[in-house]
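All of the numbers you see were taken from the coordinates with simple rules; none came from a lab. Every value quoted in this text rests on a predicted model; they were computed, and no experiment measured them. Cβ placement follows ideal geometry from the backbone for every residue including glycine, while neighbour counts extend to all protein chains displayed.
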Amino acid sequence: MKLNVKYFGMIAEWAGVTEQAIPFSGRTVCDLKTQLETEHSKLKGISYQVAVNQKIASVDEELNESNEIALLPPFAGG
């Protein structure tokens, strides 16, 4: 399947794109993170969130082609 992934903040800078369609043979958010961290090695060293359909997703959430997926950089509060 193909997933449309949107990148935000420093994640977009590191990936060099703000959005891309990627081939995906996994099932879960964990599988997606593993694939993306292999493709974009800078993701391995940071804590980031994956949102599915505008909600923060758990690592065991299953994905399908109709999902809206976003990678969100770490947030600082104050």
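In what sequence do Tyr7, Tyr48 fall when counting other Cβ within 10 Å, fewest first? Result, fewest neighbours first: Tyr48, Tyr7. Below 14 Å Cα-Cα, how many Lys pairs turn up in the chain? Only count pairs eight or more apart in sequence, or on different chains, if you could. The number of close lysine pairs in the chain is 4. The sum of -39500 (n - 2.57) across all DSSP H runs of n ≥ 4, divided by the residue count of the chain, sets its helix-only mean residue ellipticity at 222 nm to -6500 deg cm²/dmol.
The simple spin-label model puts a point 7 Å past each Cα toward its Cβ; for Thr38 and Glu19 those points are separated by 2.6 nm.
Relative to the longest principal axis of the Cα atoms of the chain, the long axis of helix 29-39 lies at roughly 70 degrees. Working from Cα pairs under 8 Å separated by at least six residues, relative contact order for the chain is 40 percent. Is the shape of segment 2-72 rounded, prolate or oblate, going by the alpha carbon gyration tensor and its root eigenvalues a ≥ b ≥ c, with a/c under 1.5 for rounded and a/b larger than b/c for prolate? Verdict is rounded for segment 2-72.
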